[in-house]
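Reviewing the structure listed below.
The values are calculated or read from the model by the stated rules, or taken from the named source; none is laboratory data. The structure presented is a predicted model; accordingly, all values stated were derived computationally and were not measured. Here the Cβ is made from the backbone with ideal geometry for all residues, glycine too, and neighbour counts use every protein chain on show.
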Amino acid sequence: MLKPIIQNNPISVQILGLCSALAVTQALLPALVMSAAVICVLAFSNVVISLLRHIMPSSIRLILETTIIASAVIVVDEVIKTFAPDMSQILSVFVALIVTNCIILGRAESFASTQGPVASLLDGIGNGIGYSLLLIIVASLREIFGRGTLFGEVLLTPLSSGGWYLENKFMALPASAFFILGISTWVIKSRLNKIKNNQRQD
C-alpha cells in the first residue's frame, strides 16, 4: 500500500495516468473529486477481479476486467452527478474516461489477477493515493499561481484589486501541468536514486 505513494508512484515513476493530470488540475477541488473517484474505482475493481481471478477464462480476461472497471466508473459517475452536479459539469467526460486510465487496468492485470482480495484492496488504495498526491500538487500550484486562490478562496490579491500579485495566465493552460509534472518527477526520481546509492554504499 505504501510503495506506490512515492517509491513506485504511478504518475511520477511509472509515467501513467497523465491525461487527467493535465485535464482536471486547473483547480484543487476538481482534482480532489477526480482523485476520490479513481481511488474508489481502483479499490473496487481490484477486489472484484481478485475474487474472480480463478474463474475468469484467460481468453477473455481483459474484456472482463475492462467491463468490471467500466461498471465501477458508471456508478461513480452517477454518484457525482447526483450529489455534486456542478462538479460533474466541470469534470465533464473525464470521469467516464477513467475507464481508459492505464493505472487501473495495469493494476488489475499485473496485481489483482494474481493476488488475494485484501492485498488487491491495499494495492488499489495505495496506487490511488499515489495518483492523488501528484494531482493535488499540480492542482494546488496551478490554482495558487494561476488564479491566486485555493478552493476558490483568495490567497494572493491580484494587482487589479489593489494587491501585489500578477496572475500567471500560463498556469491556466494544460502545458503548465507538463512542467510541474516534469519537475515533480525529477525531484522524486533524484531523491529515490540518492537513497538507492546510499543503500549500496552502506
In region 88-102, what count of residues is obtained for those that are of a type in the set (Gly, Ala, Ser) and surrounded by fewer than 15 Cβ atoms within 10 Å (Cβ to Cβ)?
2
If we keep just the residues of region 45-81 that are surrounded by 15 or more Cβ atoms within 10 Å (Cβ to Cβ) and of a type in the set (Asp, Glu), which is nearest to residue 104 (Cα to Cα)?
65
Does region 126-143 contain at least one residue that is of a type in the set (A, V, I, L, M, F, W, C), in contact with a Gly (Cβ under 7 Å, 6 or more places away or on another chain) and either under 30 Å from residue 48 (Cβ atoms) or surrounded by 17 or more Cβ atoms within 10 Å (Cβ to Cβ) (or both)?
no
Among the residues in region 48-59, are any within 23 Å of residue 135 (Cβ to Cβ) and modelled with pLDDT of 95 or more?
no
Name the pairs: first residue in region 1-23 and over 24 Å from residue 194 (Cβ atoms), second residue in a loop (DSSP other than H, G, I, E, B) and among the β-branched types (Val, Ile, Thr), Cβ to Cβ under 8 Å, at least 6 apart or on different chains?
17/11; 18/11; 21/11
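Could you pull out every one of the helices (runs of 4 or more DSSP H) wholly within region 90-202 that has 2 or more residues that are out of contact with any Ser or Thr (no Cβ under 9 Å at 6 or more places or on another chain) and among the aliphatic types (A, V, I, L, M)?
Correct list: 117-147, 174-201.
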If residue 85 satisfies all but one of (1) surrounded by fewer than 19 Cβ atoms within 10 Å (Cβ to Cβ); (2) under 13 Å from the mean Cα position of the chain (by Cα), what's the number of the condition it fails?
(2)
Restricted to region 21-47 and to residues being not in a helix (DSSP H, G or I) and not polar (S, T, N, Q), the residue modelled with the lowest pLDDT is 24
Condition check for residue 183: surrounded by 16 or more Cβ atoms within 10 Å (Cβ to Cβ), under 22 Å from residue 27 (Cβ atoms) and either without any contact (Cβ under 8 Å) to a residue 24 or more places away in the chain or touching a strand residue (DSSP E or B) at 6+ places or on another chain (Cβ under 7 Å) (or both):
no
Would you check if there is a residue in region 104-112 being touching a helix residue (DSSP H, G or I) at 6+ places or on another chain (Cβ under 6 Å) and of a type outside the set (A, V, I, L, M, F, W, C)?
yes
Applying the selection to region 150-173, what residues are under 21 Å from residue 33 (Cβ atoms) and in contact (Cβ under 8 Å) with a residue 24 or more places away in the chain?
150, 151, 152, 171, 172
